[in-house]
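Input: a single structure, listed below in structure tokens.
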């Protein structure tokens with residue numbers, strides 16, 4: 001196995017926070033990873049680190065303005081929420097649409113807002129116009145009197161009762177109708193009529209009735225249907241092969257660059273530019289090919305294949321979403337020994353109403369579950385950081401069940417147990433057991449065993465000190481605490497030329 005070679009940066013002064021916008025309030029430790037094997041990166045993830053390109057960083061949780069907690073979803077136990085199921089259904093319906101309907105849908109999407117924005121208040125303009133039409137009518141007396149008739153029985157006596165001229169009858173009638181409807185709604189269901197049933201329930205009853213007519217025992221079938229909850233795979237597999245629109249998801253390795261990635265690099269970058277400039281309002285100079293490459297293509301993770309690992313191997317990949325031969329979305333992921341780690345997700349903004357961000361996360365969870373069949377150790381889907389102080393980042397908590405990493409003991413705790421603590425204080429230990437400690441915390445003597453790469457030679461820090469006696473141990477101890485004793489023996493710290 002190749003060694004992980006890193007450079008540690010002891011300086012970690014405050015910089016602008018991308019979540020609350022405050023200046024000089026975001027603090028983190030950083031290191032540049034020249035190369036890194038997947039086991040070491042998995043261990044760093046479980047200690048609060050995360051990568052962006054080849055740069056790895058660990059937030060200084062008790063100092064930074066918006067503490068960032070590592071979050072992972074238990075993919076094998078994942079249960080889609082009602083809203084997540086709606087997104088899966090909506091996308092399936094989109095795929096089943098005819099070309100004409102899909103074109104109309106895309107045209108509507110191109111004029112709508114982002115899924116991350118607050119929903120537009122529908123019908124607001126129409127309500128203003130309606131108010132203008134009725135602003136000359138005094139409805140105060142109507143609101144305080146009992147309504148004598150419904151709109152269908154309005155006559156001359158009704159008109160005189162309301163006190164309106166014949167020219168205002170139509171407008172007053174519409175007001176009376178609205179008020180009658182409001183009164184009917186507040187009165188509750190009509191006891192003389194049978195209770196309304198949802199269309200889904202009616203279809204189920206008709207289906208069971210047909211099975212009963214065929215002589216099939218439905219007693220056990222009903223209980224099975226009630227107990228079985230639809231999984232993410234069920235929504236994906238229910239699509240027929242004869243779809244009007246064909247979706248294909250391709251997994252391409254980005255490090256080292258595979259021929260499939262090289263052939264689609266230009267197209268991938270175009271989608272990225274559309275996403276960044278439309279969704280995040282970035283300027284074009286921030287979305288160049290070189291910056292895109294450094295951010296989402298360049299990776300320190302080494303390609304690794306094992307007998308018990310996945311067929312595609314471990315490392316960094318892009319999951320490309322192709323719709324009718326056109327690239328519409330890309331999920332940047334790392335395949336690691338215990339998880340699929342999400343790095344970034346971007347998509348064509350013309351399809352933003354399909355909630356592709358959430359759809360992509362659901363497909364990545366399904367991909368994790370699929371990989372678990374051949375690699376049982378792979379049980380989790382890492383979603384990066386959960387920032388409770390930023391409402392827009394709380395959506396990650398909607399993927400149930402999920403755990404947060406305690407920033408002091410580095411043990412995992414259910415998100416539902418952590419929320420009350422984060423409501424009290426942005427920074428929390430999360431672990432309620434005061435006797436628990438960081439079992440991965442190093443001992444002072446461990447500094448002597450840190451692997452140092454100096455002038456092309458790997459040596460221990462103790463040996464290195466015989467060569468460079470001016471080296472301070474303060475920075476080395478900080479580095480040791482940040483990576484933990486489980487990992488420091490595997491890493492090689494680059495010093496000097």
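Normalised Debye scattering of region 287-337 at q = 0.13, 0.20, 0.31 Å⁻¹ gives log10 I(q)/I(0) of -0.42, -0.82, -1.12, counting only Cα atoms as equal scatterers and leaving out solvent. Note on region 362-497: the C-alpha convex hull projects to 12.1 nm² when averaged across all orientations.
Taking only the Cα atoms of region 386-444, the radius of gyration and Dmax are 12.6, 41 Å. Each part reduced to its alpha carbon centroid, region 419-488 and region 342-373 end up 35 Å apart.
Its Cα gyration tensor gives region 215-349 an equivalent ellipsoid, and the semi-axes of that ellipsoid, as √(5λ) in whole Å with the largest first, are 36, 21, 14.
Between residue 201 and residue 419, 0.36 nm times their residue separation minus their Cα-Cα distance comes to what?
Numbers: separation 218, 0.36 × 218 = 78.48 nm, distance 3.60 nm.
Result for the pair: 74.9 nm of gain on full extension.
Once the Cα-Cα distance is subtracted from the 0.36 nm per residue extended length, the residue 489 to residue 231 segment shows a gain of 88.7 nm. For region 427-476, the convex hull drawn through the C-alpha positions has a volume of 125 cubic angstrom per residue.
May I ask for the percentage of alpha-carbon pairs in region 450-497 that lie more than 12 Å from each other?
Numbers: 690 of 1128 pairs.
Roughly 61 percent, once rounded to a whole number.
Expressed as a fraction of 2.2 N^0.38 Å, the value expected for a compact globular protein of N residues, the C-alpha radius of gyration of region 316-408 is 1.15.
Find the percent of Cα-Cα distances in region 227-296 that exceed 20 Å, and round it to a whole number. Considering region 227-296, 53 percent of its Cα-Cα pairs are separated by more than 20 Å.
Here the Kirkwood formula puts the hydrodynamic radius of region 1-61 at 12.5 Å, using every distinct Cα pair.
We did not get these values from a lab; they are worked out from the coordinates using the rules stated. Predicted, not measured: the structure shown is a model, and the values here were computed from it.
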